[in-house]
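Inspection log for the structure reproduced underneath, given as structure tokens.
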Amino acid sequence: MLFVIAIFIIGKQQNLFNPVFKLTTTFYNVSGLQVGNNIRFSGITVGTVDNIVIINDSTVRVEMLVRKNVQKFIKADSEAGIGSEGIIGDRVLIITQGSNEAPMVKDGQRIWSKEPVETDAIMKSLLATAVNAEIITLQLAEIMININSGEGTIGRLIQDTTIAENINQAILNRKRSSRGLDENMEAAKHNFLLKGFFNKKERAAEQKKKEDEKQKAAEQKALDEKKK
């Protein structure tokens, strides 16, 4: 009984009791993929890796057995990639969905592949990122210490009340200068010698305003006639 159950379980995992068709693909590096690993399509286990053969120093052929009932969903432009079940789980071969316009994949067809990203490369990248983050954190801490101790331009601006008062005084002086300039311009408008100049500018501005209003009215009239 145990032998029969074991044969049934193994046969079910290896798709011995289901109609299957064969697909192949090639990789430069299979990244730990082994014979018997699962094949997934749309997140569902649809087959197993049947054989892995080294063709040459840069090509490894992977042969797949996929259930026949999912063949109609796999397109000729689908791609095979290598992933893992969880962070440290077994390797799985993943078949991506192709385009709707592509024909159905054929039995024994070779599909394109995407090279897997090695775990060592990921860890190396994370380590470099962590080192850079640590350097940036130390530099920010040093900058904040200098600011709090009054060192540097920003630190002096924050800690030194004299500089802050000088900046406030400069802003007030600028406001007063601007207010004085406005008063001088207003006085110049009422000056007998310059009054004609400012009146001329005002008449020109009014004339331009009237012309703009006429142009807008003409455009609106043309638009209304076009609608009619």
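Observations on the structure shown:
- For region 84-106, a residue qualifies if it is surrounded by 15 or more Cβ atoms within 10 Å (Cβ to Cβ) and of a type in the set (G, A, S), and the qualifying residues are S84, G98.
- Qualifying residue in region 68-83 (condition: over 15 Å from K106 (Cβ atoms), at pLDDT below 90 and open to solvent by less than 20 Å² (accessible area, probe 1.4 Å)): yes
- Screening region 23-46 for residues that are at positive phi and free of Cβ contacts under 8 Å to residues at least 40 places away in the same chain and picking the one that is surrounded by the most Cβ atoms within 10 Å (Cβ to Cβ) gives G36.
The values are calculated or read from the model by the stated rules, or taken from the named source; none is laboratory data. Just so it is clear, the model here is predicted, and its values are computed rather than measured. Reconstructed Cβ throughout: ideal geometry from the backbone, glycine too, with neighbour counts over all protein chains shown. Each accessible area value is taken on the protein alone, full model and side chains, heavy atoms only, with ligands, DNA and RNA left out. Shrake-Rupley method; radii C 1.70, N 1.55, O 1.52, S 1.80 Å.
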